[in-house]
Amino acid sequence: MRVEFAQAIIDQYNFQSQQVFLTGDLGYMALEQVGNTFGERFINAGVAEQNMVSMAAAMAYEGFIPWVYSISPFVTLRPYEQIRNDVCLHNLPVKLVGNGGGYGYGIMGATHHNLEDIAAMRVLPHMKVYLPLTGSDIANVVATMLQDPAPNYLRLNQGRDIEGLSSFAPWRHVRKGEGAVVIGAGPVLANVLDLPQDITEQLDIWALGTLPVTEIPEALIGAIVRTGKVITIEEHYAAGGLGEYLAGILLARNIGVPLRWKSLHAQGYPNDRYGSQQWHQELNGLRGQLLQQQITTILQ
Amino acid sequence: MADDNIRYINLCTRALSIKKRFLLMYSRANAGHIGSSLSAAEILTFLFFEWMQDKDEFILSKGHAAAVLYSTLAEKEWLSEEDIDSFYQNDTFLAAHPPANKLPHIPFATGSLGHGLSLAAGIGMARRLKQSEDRVFCVTSDGELNEGSIWEAAMFIAHHQLRRVVWIIDKNNLQGFGSTQEVMNLDPLADKLRAFQFDCLEIDGHNFEAWREAMDYASTCTKPLAVIANTIKGRDWATYENKLDSHYLPFKELQYEETLQRLEHQHREQVAKYHN
């Protein structure tokens, strides 16, 4: 999604004149053209993310819309207090962009992964989290974020295209089925679509695109009531993640039927070994055989 | 009497008024951080009544000295006496550290140390892009310089030659749980700042004539300016002047009245000096 992101930023440059772009010294082979387009409004803030985020808050206070880019953990967790105090307490339109949420940086290892970002970001006041599903969502997401006067966090990842997918929205109905409801966020959801057809055709699949969740579509509630089975999938720890969050919302909503609930989520590093993003997903039951087994079990 | 002398008398009188107001605030609230505000009183007086222009921005990075900021804003008539009376009360905007989004001339909530200089850097950079010459003044403490983010900001400001940013360090040599010498030695601070490519001036932070020199020096600087204001924490609070206790303790018994008397006496002496 990084390439699409860079292109979307360039495309928007002429439409929104208040943009500035800050990077934490990253973007090799991706942001060069953004730099050329933005000129003096492209600021390499160096490997100094705390300073970068506070500066972005101050530039937003001065009327700019700052994009703040780095690898996901370095733009969310490293400067967390700067995000909380300087950006969110003041409800400033700073646009944090984290490349490689989840296991996105694969063999780079645990320091470059981010399995806590959604939890960490979604609890902050005024913060809105954007979770695109595919690269083709990005142009729409970038345009939406520029219209959003609140602080935002965008989680970028590798995502394959999904045929017939509607344009980006807080909720999208990805495919219909009557066996169980699947709710996912981000490209990991596509791993469900890659399972054998006799499984996927039983699944009512929904993609969540933004947090916080302000409402749940009635069609989704209807599917949950009808099937009595909900599977959530996320490339993130269970704590503070999508599954916990949606379970809490549905409990409060009191939909009146008992549910069989399965949260599929990252476990971390169960054997302390590292590999590609796909390898981590398989090990954690978010892809391939183990994912298939878990979904088959709940369908039975 | 020379114009300069009138000016210094006025500044001393403003400083006295600002101090009296925040000492009353602390006394009524039975609150600490008195020493932190006494340390910075002349700094804020000079900035707000002599150095800063209308569109210049101010950031109190050492947010624990909020009372001196509130009192200075009241002296400018940007806060009302009613606002001031609400200090430390329930349902106030005037918390012990500056609040977010609520008070004029307080652009950012501060209190967690090490944020202010980066905020100043961001304002400085934004104003460069807007081709505005308006400046931003940031007061940090010295203990605050333990924070790594301060040095991130310092590197950025120097690298980008953000001369719209004026950094003032209230160097009273005391921090949270000891002296800066004991906890995390900063010295030689001026050498550090110069090595970071700042123009650096060390002055007596309680002396308005020294501040005037700093202001004049600023107009000649070729690099961003950092002023090391040598100050005394809890200055004129006889019991705890230059003691760590002045950071934490509220006034006891007659200490408030004694401090006021001392300030009034000192003010009379200052005025007499400039009359002669």
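The numbers here are math on the coordinates, done by the rules we state, and not lab data. Not measured: the values here are computed from a predicted model. A quick note on method: Cβ atoms are made from the backbone with ideal geometry, for glycine too, and the neighbour counts reach across all protein chains shown.
If you take the alpha carbon atoms of region B:52-204 and fit the smallest convex hull around them, that volume is 121 Å³ per residue. Ignoring the sites themselves, chain A has its longest run without chymotrypsin sites (Phe, Trp or Tyr not before Pro) in a DSSP loop having at most 14 other Cβ atoms within 10 Å at A:29-300.
Relative contact order of region B:3-275: what whole-number percent is it, with Cα pairs under 8 angstrom and at least 6 residues apart? Computed over region B:3-275, the figure is 24 percent.
Shielding by partners for peptide B:139-151, expressed as the average number of C-beta atoms from other protein chains within 10 Å of each residue's C-beta, is 1.
For region A:171-299, the equivalent ellipsoid built from the Cα gyration tensor has semi-axes of 24, 17, 13 Å, listed from largest to smallest. So the label point goes 7 Å from the Cα of B:Glu209 along Cα→C-beta, right? Which residues of region B:41-67 then have their backbone N under 18 Å from it? Those under the cut-off are B:42-43, B:46. Label-to-label distance for A:Ser167 and A:Ile221 is 2.8 nm, based on points extended 7 Å past Cα in the beta-carbon direction.
Basic side chains Lys and Arg get +1 at the Cβ, acidic Asp and Glu get -1 at the Cβ, and with that the dipole of chain A about its Cα centre reaches some 520 debye.
What is the diffusion coefficient of region B:3-275 in µm²/s, taking the Kirkwood radius over Cα pairs and the Stokes-Einstein relation at 25 °C with a viscosity of 0.890 mPa s? Taking Rh from Cα pairs, D becomes 131 µm²/s.
Taking each residue in A:79-85, count the Cβ atoms of any other chain within 10 Å of its Cβ, then average. What number comes out?
Mean partner-chain Cβ count within 10 Å for A:79-85: 3.
In summary, the convex hull built on the alpha carbon positions of region B:160-245 has an orientation-averaged projected area of 6.3 nm².
Relative contact order for chain A: 15 percent, from Cα pairs under 8 Å spaced at least 6 residues apart, divided by residue count. Computed from the C-beta positions of B:Ala29 and A:Leu26, the FRET efficiency with R₀ = 35 Å rounds to 0.15. Over the C-alpha trace of chain A, radius of gyration and Dmax come out as 19.0, 59 angstrom.
Extension gain, B:Thr92 to B:Glu50, is 12.2 nm, computed as 0.36 nm per intervening residue step minus the present C-alpha separation.
Beta-bridge orientation, region B:3-275: approximately 10 percent antiparallel, per DSSP, counting only bridges with both partners inside. Our estimate of slack between B:Thr13 and B:Asp85, defined as 0.36 nm per intervening residue step minus the Cα-Cα distance, is 23.8 nm.
Per-residue 3J(HN,Hα) values for region B:27-38, derived from phi via the Karplus relation 6.51 cos²θ - 1.76 cosθ + 1.60 with θ = phi - 60°, read 5, 4, 7, 6, 10, x, 6, 4, x, 5, 6, 4 Hz in sequence order (x marks Gly and Pro).
On a 25 Å Cα-Cα criterion, which of the cross-link pairs B:Lys55/B:Lys192; B:Lys19/B:Lys223; B:Lys171/B:Lys192; B:Lys20/B:Lys55; B:Lys19/B:Lys76 come out too long? As for pairs spanning more than 25 Å Cα to Cα, those are B:Lys55/B:Lys192; B:Lys19/B:Lys223; B:Lys20/B:Lys55. Gyration tensor analysis over the Cα atoms of region B:1-58 returns equivalent ellipsoid semi-axes of 25, 15, 8 Å (largest first, whole Å). Between A:Phe15 and B:Glu257, the FRET efficiency estimated from the beta carbon spacing at R0 = 56 angstrom works out to 0.30. Using θ = phi - 60° in the Karplus curve 6.51 cos²θ - 1.76 cosθ + 1.60, the 3J(HN,Hα) couplings for region B:230-246 round to 6, 10, 10, 5, x, 3, 6, 8, 3, 5, 10, 4, 6, 10, 4, 3, 5 Hz; x is entered for Gly and Pro. For region B:85-141, the calculated P(r) over all alpha carbon pairs, in 5 Å bins from 0 to the bin holding the longest distance, is 4, 17, 21, 22, 15, 11, 6, 3, 1 percent. Expressed as a whole percent, the proportion of Cα-Cα pairs in region A:170-246 lying more than 19 Å apart is 30%.
With the convex hull drawn around the C-alpha atoms of the protein assembly as shown, the volume per residue stands at 172 Å³.
Between A:Asn36 and A:Leu77, residue separation times 0.36 nm minus the direct Cα-Cα distance comes to 11.9 nm. Looking at chain A only, what percent of DSSP beta bridges run antiparallel? Nearest 5 please. Taking every DSSP beta bridge within chain A, about 15 percent pair in antiparallel fashion.
Derived scalar couplings between HN and Hα for region B:167-179 equal 9, 10, 9, 7, 9, 9, 6, 10, 10, x, 9, x, 7 Hz in order, rounded to whole Hz, by the Karplus curve 6.51 cos²θ - 1.76 cosθ + 1.60 (θ = phi - 60°), x for Gly and Pro. Averaging Cα coordinates gives a centre for region B:21-82 and one for region A:172-205; these two points are 60 Å apart.
Under 10 °C and 1.306 mPa s, how fast does region A:56-205 diffuse according to Stokes-Einstein, given a Kirkwood radius computed over C-alpha pairs? Answer in µm²/s, whole number. Provide the component values of the computation, followed by the final result.
Values: Rh = 16.4 Å.
Answer from the Stokes-Einstein relation: 97 µm²/s.
Each DSSP beta bridge with both residues in the protein assembly as shown is either parallel or antiparallel, and the antiparallel ones are about 15%.
Each part reduced to its alpha carbon centroid, region A:89-166 and region B:201-232 end up 45 Å apart. Averaging 1/r across all pairs of distinct Cα atoms in region A:217-284 and inverting the result yields a Kirkwood radius of 13.5 Å.
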